[in-house]
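Only one structure is covered here, and it is reproduced in the block below.
Where a number appears in this text, it was derived from the coordinates with a stated rule and is not lab data. Computed from a predicted model, the values in this text were never measured in an experiment. Note that we place each Cβ from the backbone using ideal geometry, even for glycine, and neighbour counts take in every protein chain shown.
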Amino acid sequence: MTADIPTILATSASFQRGRRGNFDIQPGRIHHFAAELANATKAPKICVLTQATGDPDARIGAFYSAFAGTKFTVSHLQLFPMPNIEDIRAHLLAQDVIWVDGGSVANLCAVWRVHGLDEILHEAWQAGVVMSGVSAGSICWHQGGSTDSFGLRLRGFTDGLGWLPYSNGVHYDAEEQRRPKMHELIGNGTLGDGFATDDGAGLVYRGTSLEEVVSDREGPRGYELKRAADGSVAETPLPTRVLPEYPN
């Protein structure tokens, strides 16, 4: 199945973590919601993209482990050291959900463009495959945002895919630099007006319009960020719907 209209779920939410380390994970509410957006709640096909961290085998393996025994059918597309799929276009167009993992958004977008993946993903988005992801996998669909792609000190990233004509701030409540850096970048005109998400929250875009904000638990929120004529930035908390628990 596919979404009724082009849909993007851009988040600071991810997998449900267990107590046995970073690779002890299960699908989060956000993944089930992505399948719901794709009208594929019974047997959703999800393809994971991990170019933002260089396609590490251990991380890819953890995703297969996470989805094992669930209703999801998982696959992955890696580009390092070479594509693991012969017909990338056909594979991605056959998915219900594309999930883009976090890491370096600058590297992510650069590698996608070298391989022409940006054009294939755009076609899949227009065809109703739900584009989704966390952190770098959220910023990438937008004009840009704040990033640690270039070092520990956050900098502005302005070379996103730009399908969504907004800036995007991730980890808004969880990392000390995030909120002030987004205000600075929007205030000085480096970035345009946009939206931000606390850890656990996600933005649902239908076409290029924000439809709603969701979260995987009580507390996290989304925000609208708008520059005023004097360069100050108004931050408006947005109504945020808590997603229900879903059976795996």
(Q) Whole angstrom only: what separates the Cα centroid of region 193-248 from the Cα centroid of region 109-163? (A) 18
Q.
Would you report the distance distribution of C-alpha pairs in region 7-238 as whole percents per 5 angstrom bin, up to the bin with the largest distance?
A. 1, 7, 15, 20, 21, 17, 11, 5, 2, 1, 0
Q | Sequence-separation-based contact order of region 7-238, relative, with Cα cut under 8 Å and 6+ spacing, percent | A | 20
Q) Rounded to a whole number of µm²/s, how large is the Stokes-Einstein D of region 62-147 at 10 °C and 1.306 mPa s, given Rh as the Kirkwood radius over C-alpha pairs? A) 116
Q. Taking Lys181 as the anchor, which aspartates and glutamates have their alpha carbon closer than 16 Å to its alpha carbon, excluding any fewer than eight residues away along the same chain?
A. Asp148, Asp173, Asp193, Asp198, Glu224, Glu235
Q | Burial order of peptide ranges 238-246, 4-12 (average beta-carbon count within 10 Å, highest first) | A | 4-12, 238-246
Q. Size of the dipole of the chain about the Cα centre, Lys and Arg at +1 and Asp and Glu at -1 on the beta carbon, nothing else charged, in debye to 20?
A. 340
Q | Placed amide H near Thr73: partners under 5 Å, 5+ positions off or other chain | A | Lys45, Ile46
Q: Assuming 0.890 mPa s and 25 °C, estimate D for region 1-136 with Stokes-Einstein, Rh taken as the Kirkwood radius over Cα pairs, in µm²/s.
A: 166
Q) Of Pro56, Pro81, Pro180, which is the most mobile in a GNM of the chain whose springs link Cα atoms less than 10 angstrom apart? A) Pro81
Q.
Using the Karplus curve 6.51 cos²θ - 1.76 cosθ + 1.60 with θ = phi - 60°, what ³J(HN,Hα) values do you get for each residue of region 198-206, in whole Hz, with x for Gly and Pro?
A. 5, 4, x, 9, x, 9, 9, 10, 10
Q: Answer with one residue from Gly18, Gly133, Gly189: the one whose Cα lies farthest towards the positive end of the charge dipole of the chain, charges on Cβ with Lys, Arg +1 and Asp, Glu -1.
A: Gly18
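Which shape class, rounded, prolate or oblate, goes with region 149-248 when its Cα gyration tensor gives a ≥ b ≥ c as root eigenvalues, a/c under 1.5 marks rounded, and past that a/b bigger than b/c marks prolate?
Verdict is prolate for region 149-248.
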Q: Would you compute, from DSSP H runs of 4+ residues alone, the mean residue ellipticity of the chain at 222 nm, taking -39500 (n - 2.57) per run and dividing by the full residue count, rounded to the nearest 500?
A: -6500 deg cm²/dmol
Q. Taking the DSSP beta bridges in region 7-238 as the whole, what percent of them are antiparallel, to the nearest 5?
A. 55
**Q.** Residue (of Trp99, Tyr205, Val111) at the positive-pole extreme of the chain, dipole from beta-carbon charges
**A.** Trp99
